[in-house]
Amino acid sequence: MAADSSFDIVSKIDRQEVDNALNQAAREIATRYDFKNTGASIEWSGEYGVEVTANADERALAVLDVFKDKLIKRGISLKALDAAEPRQSGKEVKLSSTLTNGISQEQAKKLSKLIRDDGPKGVKVQIQGEELRVSSKKRDDLQDVIALVKDADLDFAVQFVNYR
């Protein structure tokens, strides 16, 4: 009897790629003419936080757009970026963003229900911490599950790893 084939569904960001995107955005902001004398900057704020500073709401949002553009070019989904509204902080405007990493229990339950309801029969889904293990006897069923999850309109980024 053949062993089950499986793969994991995860939601992880490559911290190094995000760091590269942030550094590229900071360099572009420092050299672009429309950001001169606006006090615009972007920097890390903790492990998965990004802080944007500027002298006006529009400038802060423009800096965030530059950062989003760099994330897209580096292959990071914008669903992983959770940006807040700009807030006044003295004479400056600050905008905080966080990068989500991992699948919450609520999101995992929603995803496993989707796979159980709409996926092929005989597919098993297990929640393992911040990831889901999907297994089946047929590899074609796993391919169908990957297509189903990719087509689903999820509010978080997913990747497929450990395909065996």
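Where a number appears in this text, it was derived from the coordinates with a stated rule and is not lab data. The structure displayed is predicted, hence computed values, not measured ones. Here Cβ is always computed from backbone atoms with ideal geometry, including for glycine, and neighbour counts include all displayed protein chains.
Between 0 and 90 degrees, rounded to the nearest ten: what's the tilt of helix 105-118 against the longest Cα principal axis of the chain?
For 105-118 against the chain, the angle is about 50 degrees.
Which of Lys73/Lys150; Lys73/Lys113; Lys70/Lys94; Lys70/Lys91 have a Cα-Cα distance over 26 Å?
Beyond 26 Å between Cα atoms: Lys73/Lys113; Lys70/Lys91.
Which whole-number value in Å³ per residue fits the convex hull of the alpha carbons of the chain?
Given the Cα convex hull of the chain, per-residue volume reads 119 Å³.
In whole Å, how far is the Cα centre of the stretch 63-96 from that of the stretch 116-135?
33
So what's the angle, to the nearest 10 degrees on a 0 to 90 scale, between helix 15-31 and the longest Cα principal axis of the chain?
20
How high is the FRET efficiency from Lys91 to Tyr48, r the C-beta distance, R0 41 Å, rounded to 0.05?
Efficiency at R0 = 41 Å is approximately 0.90.
Taking Cα pairs under 8 Å and at least six residues apart, what relative contact order does the chain come out at, in percent?
Once normalised by length, the contact order is 33 percent.
Using a 7 Å offset from Cα along Cα-Cβ at Lys73, what residues in the stretch 35-57 end up with backbone N under 19 Å from the label point?
Residues passing the 19 Å test: 35-36, 41-44.
Can you give the helix-only mean residue ellipticity at 222 nm for the chain, where every DSSP H stretch with n ≥ 4 adds -39500 (n - 2.57) and the sum goes over all residues, rounded to the nearest 500 deg cm²/dmol?
Calculated from helices alone, the mean residue ellipticity at 222 nm is -12000 deg cm²/dmol.
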